[in-house]
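The values are calculated or read from the model by the stated rules, or taken from the named source; none is laboratory data. Just so we're clear, the structure is a prediction, and the values are computed from it rather than from any experiment. No Cβ is skipped: glycine too gets one built from the backbone with ideal geometry, and neighbour counts run over all protein chains shown. Note: areas computed on protein heavy atoms with side chains; ligands, DNA, RNA excluded. Shrake-Rupley method; radii C 1.70, N 1.55, O 1.52, S 1.80 Å.
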Amino acid sequence: MTDLIPPHTTGESVFVDDIPEPKDMLHTAVFISNIPHGKIIKLNMQKAKASEGVVKIITAEDIPGENEVGRIIQDEELLAKDKVDFIGQPIAVVFAETKNQANTARDLITIEYEPLPAVFDPREAAKKGMLIAPSRTLSLGDIDSIWDKCETIVEGVAESGGQEHIYMETQGCLAIPGEEGRILLYSSTQNPSTVQNIVSNVIGCDMNKIEVDVKRLGGAFGGKEDQATHWAAICALGVYHTRRPVKLVLDRREDITITGKRHPYSTDYKLGLNKEGKILAFSAKFYQNAGAAADLSTPILGRTLFHATNAYYIPNVRVTAYSCKTNLVPFTAFRGFGGPQGMFVIECALAHASEKSGISIEKLQERNLLDEGDQFPYGMKVEKTQAKRSFAEVLQDSKFDDLKEKQEEFNKKNKLVKKGFSIMPICFGISFTATFMNQAGALVNVYYDGSVNISSGAVEMGQGVNTKIKSIAARTLSINPDRIRMESTNTGKVINTSPTAASSGADLNGKAVEIACKAINERLLNVAKEKLGEGNLALKDEIVYLNDEKTNLTWEELVMSAYLSRVNLSSQAYFAMPGIHYDAEKEKGKPFAYHVFGTAVTEVTIDCLRGTYTFDNVYIVHDAGKSLNYLIDLGQIEGGLVQGMGWMTLEELQYVDGKLLTDALATYKVPDIYFAPKIHTKFLEDADNPYAVLKSKAIGEPPFMYGIGAYFALKDAAQAFRKDKEWVYSAPITPEKLLLYLHEE
Ligand code: LUZ
Ligand code: MOS
């Protein structure tokens, strides 16, 4: 962590807005739509153009290439041309000498619209046939004939809300003109190659004219997977028109208003059990609120379906999902990528079924956990499951039986304060579901003084991927990590990269770095053979060993000898995850290299007068394989958990007629340290994983879904106060909503 923490804590770390501003740099302000749907009749920019300091104002007309930022489906204009589809949609851009001048001019622009009817509800959109893409269905077994055999059947609606990323660093870019039309972009993106590609399309040039460089991000959480592109393209357009450097960093309110969030979903579910509590059948219809353009909605929808049965084996399944086009901001990737929305629904169905059947929720969950050889609806079989083991261990660690007993006693004694608990098992598939994206590259350079520079396709966004990659390289080369420096992620050094996303940053890029280091190791040991003769040669802690005997040859001497012998000390490597495939027609295949498992127990206390709540403890048993770095993984587990709890409880996007009211941190409440419970995390021991680098497992997204447990712990506590009232499965359960549940007739 030496590289990561000191510069952060001293404020030395450079983010886009900290880069020393180049001479003649222009500032940018974006003029956005303030109606959710309408034709643009007239745009008045005279006053703005005459305003002080303004150098250029551009609209769709001024785009030399394509006015298009959609990656998977090309349905999203960078600047609205004839009509607007959501509040916050960029229409025109002002470039001016100072930020204030840019903002002032922007505020002088006026616009006339012919308003069109707007749709905000995904079910209404689906009814009108307004889909982003055809619906998708996964199925297993024979769902139609099985309902008759079920002892208990529950049906209902489950809704989950959107979620704003609140990365600490807002979206932005600094663009610098180069020779021959080249543009260098310092972009706050998880996805340098897509920024490079989309910007080259917008400018109308080849990709080799655009260089994207990313040192680090102040957080991303998926929000910068496909939505960093817009700001880079806008800055590049500024460079194109003025040949001056251009910067745009959104302020917080703009960022919340204009950029996408987690997709809200509304879902119909039906679940059937036999007498013993075995799930026989599950069906669901997911209505995803995609917003006004596709963005990543289709693969997110896919992941919702892949995770619709969470960590359970269900023999008969039919799940269908609709990506519904509405007049809201295009929703986008957010940690879990549709998985949490899927997993929330099956947990709602199980909670409902537990109530109706009288079988306790823990029995119901436990009875249906995945076993080796069980099949997912997408055809893949479970190879090695840690579902039952993590479930059993977390019940032990939390002294679950005790806890339950004490809670019952507590709830009997206390009228206005109630305790509740939940268990949340998780199963998350690791790999980009688009198989081709599971590739990575690396470039490892050893200088002749023995120091090492590493470039990889991974973007450091605070998740510690550089620390992990550095330790992979240090272990593979058997040198001190302090000799290694991580370079910025740069499209000139490692090309055609996939976004750092899908929890796969260290998996894929770490593997490429390992391969590159092994190649260098091999070349160096050949040099050692020249010097020391034949035998079993190895490098250990910067010393060459011959037949397990220490020699005098050090790393530094070996590297210098290699250089003098004209041996290549630079190694480029490439990794593609083997063994994965998917048939989109049949909806069957092996989309994931492996799964991550774990279970959380959540304990909450609610104040029934106020509707407020305190999460006391969360116990987690998590399967991290052989963790690459326990401290980093612990940070990801705790951060993911609390972020997931925020999604389920506090964080609420409130819209009125398509306008987001909760557009500032004063009105959009995210969890803080006082909200966080005591977190007791245990890593599964002897957990192994043959499919990822050094037997590790991906960490980024899976722990987010432990947070779903918060919702069900609250339900449990609330129902201890009010047994008579039917629970409505709608997240987030904010204190206001909880209070209404507790006291409304
Ligand atoms: N991004 C993506 C993701 O493009 N494909 C995925 O499957 C994915 N999964 C999780 C998070 N981001
Ligand atoms: Mo993501 S949700 O960019 O892994």
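All told, LEU660 meets the bar of being within 30 Å of ASP121 (Cβ to Cβ), out of contact with any Phe, Trp or Tyr (no Cβ under 8 Å at 6 or more places or on another chain) and not hydroxyl-bearing (Ser, Thr, Tyr). May I ask you to verify whether GLU61 is farther than 30 Å from VAL656 by Cβ, open to solvent by 60 Å² or more (accessible area, probe 1.4 Å) and assigned by TED's automatic domain parsing to the domain that holds HIS230? It is true that GLU61 is farther than 30 Å from VAL656 by Cβ, open to solvent by 60 Å² or more (accessible area, probe 1.4 Å) and assigned by TED's automatic domain parsing to the domain that holds HIS230. In segment 492-506, the qualifying residues are those that are in contact with a helix residue (DSSP H, G or I) (Cβ under 6 Å, 6 or more places away or on another chain) and more than 12 Å from ligand 1 (Cβ to nearest atom), and the one that is nearest to GLY462 (Cα to Cα) is ALA506. Taking the criterion of being open to solvent by 10 Å² or more (accessible area, probe 1.4 Å) and within 16 Å of ligand 1 (Cβ to nearest atom), the residues of segment 319-337 that qualify are ARG335, PHE337.
Just to be sure I understand, how many residues within segment 653-687 are aliphatic (A, V, I, L, M), closer than 19 Å to ILE166 by Cβ and free of Cβ contacts under 8 Å to residues at least 24 places away in the same chain? Matching residues across segment 653-687 total 3. Does LYS363 fit the bill of being surrounded by fewer than 24 Cβ atoms within 10 Å (Cβ to Cβ), closer than 23 Å to GLY640 by Cβ and not acidic (Asp, Glu)? No; evaluated as a whole, the condition is false for this residue. Scan segment 290-318 for residues that are at positive phi and more than 15 Å from ligand 1 (Cβ to nearest atom) and the total you get is 2.
Looking at GLU587, GLU557, just one residue is over 42 Å from the mean Cα position of the chain (by Cα) and of a type in the set (D, E, K, R), and that residue is GLU557.
Checked against (1) in a strand (DSSP E or B); (2) among the β-branched types (Val, Ile, Thr); (3) within 29 Å of the chain's Cα centre (by Cα), ILE41 passes all but condition (3). Restricted to segment 219-241, and to residues there that are within 16 Å of ligand 1 (Cβ to nearest atom) and of a type in the set (A, V, I, L, M, F, W, C), the residue that is surrounded by the most Cβ atoms within 10 Å (Cβ to Cβ) is ALA228. The set of residues in segment 563-577 being without any contact (Cβ under 8 Å) to a residue 40 or more places away in the chain and open to solvent by less than 90 Å² (accessible area, probe 1.4 Å) consists of SER565 alone. So, of the residues in segment 199-256 that are within 16 Å of ligand 2 (Cβ to nearest atom) and among the aliphatic types (A, V, I, L, M), which turns out to be nearest to the chain's Cα centre (by Cα)? The selected residue is ALA220. Given the criteria in a loop (DSSP other than H, G, I, E, B), modelled with pLDDT of 95 or more and open to solvent by 40 Å² or more (accessible area, probe 1.4 Å), does THR667 qualify? Yes, satisfied. Condition check: within 21 Å of GLN636 (Cβ to Cβ), more than 16 Å from ligand 2 (Cβ to nearest atom), among the small types (Gly, Ala, Ser) and not assigned by TED's automatic domain parsing to the domain that holds ALA593. Does ALA458 satisfy that? Here the answer is no, as ALA458 does not meet what is asked. Filtered by the rule that a residue be open to solvent by 40 Å² or more (accessible area, probe 1.4 Å), of a type in the set (Val, Ile, Thr) and in contact with a Ser or Thr (Cβ under 7 Å, 6 or more places away or on another chain), segment 99-127 gives a lone residue, THR104.
The residues in segment 115-148 that are part of a loop (DSSP other than H, G, I, E, B) and among the aromatic types (Phe, Trp, Tyr) can be counted, and the count is 1. If only residues of segment 347-360 that are hydrophobic (A, V, I, L, M, F, W, C) and within 24 Å of TYR265 (Cα to Cα) are counted, the one that is surrounded by the most Cβ atoms within 10 Å (Cβ to Cβ) is CYS348. When ALA392 is tested against (1) buried (at least 18 other Cβ atoms within 10 Å of the Cβ); (2) under 24 Å from TYR594 (Cβ atoms); (3) at pLDDT 95 or above, only condition (1) is not met. Applying the condition of being more than 16 Å from ligand 2 (Cβ to nearest atom) and either among the acidic types (Asp, Glu) or at pLDDT below 95 (or both) to segment 492-523 and asking which residue is most open to solvent (accessible area, probe 1.4 Å) yields GLU522. Of all the residues in segment 128-165, those that are farther than 24 Å from PHE306 by Cβ, under 32 Å from the mean Cα position of the chain (by Cα) and surrounded by fewer than 20 Cβ atoms within 10 Å (Cβ to Cβ) number 3.
Each row is one residue, and each column tells you yes or no for (1) open to solvent by 30 Å² or more (accessible area, probe 1.4 Å); (2) over 19 Å from the mean Cα position of the chain (by Cα); (3) over 30 Å from PHE575 (Cβ atoms).
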position	(1), (2), (3)
ALA698	no, no, no
PHE704	no, no, no
GLY707	no, no, yes
ASP716	yes, yes, yes
SER730	no, yes, yes
GLU736	yes, yes, yes
LEU739	yes, yes, yes
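State whether the residues of segment 338-346 include one that is open to solvent by 10 Å² or more (accessible area, probe 1.4 Å) and within 16 Å of ligand 2 (Cβ to nearest atom). No. Just one of the listed residues (THR435, THR476, THR385, THR467) is over 30 Å from ASP541 (Cα atoms), under 30 Å from the mean Cα position of the chain (by Cα) and either within 16 Å of ligand 2 (Cβ to nearest atom) or modelled with pLDDT of 95 or more (or both), and it is THR435.
Output the residues belonging to segment 538-561 that are farther than 19 Å from ASN480 by Cα and open to solvent by less than 50 Å² (accessible area, probe 1.4 Å).
LEU546, SER561
For segment 56-108, the set of residues classified as in a helix (DSSP H, G or I) and within 21 Å of GLU254 (Cα to Cα) consists of ALA60, LYS99, ASN100, GLN101, ALA102, ASN103, THR104, ALA105, ARG106, ASP107, LEU108, listed by residue number.
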